[in-house]
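The values are calculated or read from the model by the stated rules, or taken from the named source; none is laboratory data. For clarity, every value in this text was computed on a predicted model and none was experimentally measured. Glycine also receives a Cβ, built like all others from the backbone with ideal geometry; neighbour counts cover every protein chain displayed.
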Amino acid sequence: MIFFKYPQLKLEFEGLSEIEKRLVRPELLKLLYFLEGYCTYNFNKSIIITELLRSRESQDRYYRNNPAYEQNPWQSPHQFGCAADIRSAVFEPEEIDDIIAIVNRWFPYDNSGKSSAIYHDIGKGAHIHLQVKPE
Ligand SMILES: [Zn+2]
């Protein structure tokens with residue numbers, strides 16, 4: 001199953017809600033449906049989406065205390081409908097490793113060495129960040 005941290009995310013996932021004229025990219029949906037199937041098949045676990053689209057205002061809020069961001073603000077793939085965050089607390093550490101490896105294997109970001117799946121913490125708690133390349 002796919003669960004959502006709050007109802008707005010379900011609308012974004014279903015393409016029924018946009019933020020700053022952006023919808024979730026179909027390539028990202030494909031990755032999420034893959035991951036849901038993978039986690040059900042291998043771990044008998046659901047995935048919980050904690051963030052999809054992000055406004056400029058939210059981006060500024062996340063990095064509010066970051067001097068590098070203040071100096072030269074960067075945009076997140078969440079602002080382009082190209083990223084999703086997945087709750088990692090429901091998975092064992094080895095399951096997280098497995099998820100990161102399998103997504104990067106089946107959904108390579110591009111040839112630049114960037115990853116499509118990352119386990120990280122940008123200040124709102126550790127989570128799995130998934131991304132596809134913006135057009
Ligand atoms: Zn993210």
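What residue, of K10, K30, K45, is part of a helix (DSSP H, G or I) and within 25 Å of P108 (Cβ to Cβ)? First the steps, then the outcome.
Numbers: K10 fails: within 25 Å of P108 (Cβ to Cβ); K45 fails: part of a helix (DSSP H, G or I).
Exactly one of K10, K30, K45 is part of a helix (DSSP H, G or I) and within 25 Å of P108 (Cβ to Cβ), namely K30.
Give the residue that is farthest from the ligand (Cβ to nearest atom), with candidates limited to residues of the stretch 84-129 that are among the polar types (S, T, N, Q) and part of a loop (DSSP other than H, G, I, E, B).
Taking the stretch 84-129 as the starting set, the residues that turn out to be among the polar types (S, T, N, Q) are 88, 104, 111-112, 115-116.
Now drop any that are not part of a loop (DSSP other than H, G, I, E, B), which leaves 88, 111-112, 115-116.
Values: S88: 12, N111: 22, S112: 18, S115: 12, S116: 12 Å.
Among those that are among the polar types (S, T, N, Q) and part of a loop (DSSP other than H, G, I, E, B), it is N111.
Being under 13 Å from the mean Cα position of the chain (by Cα) and surrounded by fewer than 19 Cβ atoms within 10 Å (Cβ to Cβ): is that true of E27 here?
On the way: under 13 Å from the mean Cα position of the chain (by Cα): yes; surrounded by fewer than 19 Cβ atoms within 10 Å (Cβ to Cβ): yes.
In short, yes.
Would you pick out the residues in the stretch 4-51 that are closer than 15 Å to S88 by Cα and touching a helix residue (DSSP H, G or I) at 6+ places or on another chain (Cβ under 9 Å)?
The answer is F4, L32, L35, Y38, C39, F43, K45, S46, I47, I49, T50, E51.
Is it the case that some residue within the stretch 73-88 is at pLDDT below 95 and charged (D, E, K, R)?
Scanning the stretch 73-88, I find no residue that is at pLDDT below 95 and charged (D, E, K, R), so the answer is no.
Please determine whether any residue of the stretch 54-74 is more than 16 Å from the ligand (Cβ to nearest atom), polar (S, T, N, Q) and in a loop (DSSP other than H, G, I, E, B).
Checking the stretch 54-74: at least one residue is more than 16 Å from the ligand (Cβ to nearest atom), polar (S, T, N, Q) and in a loop (DSSP other than H, G, I, E, B).
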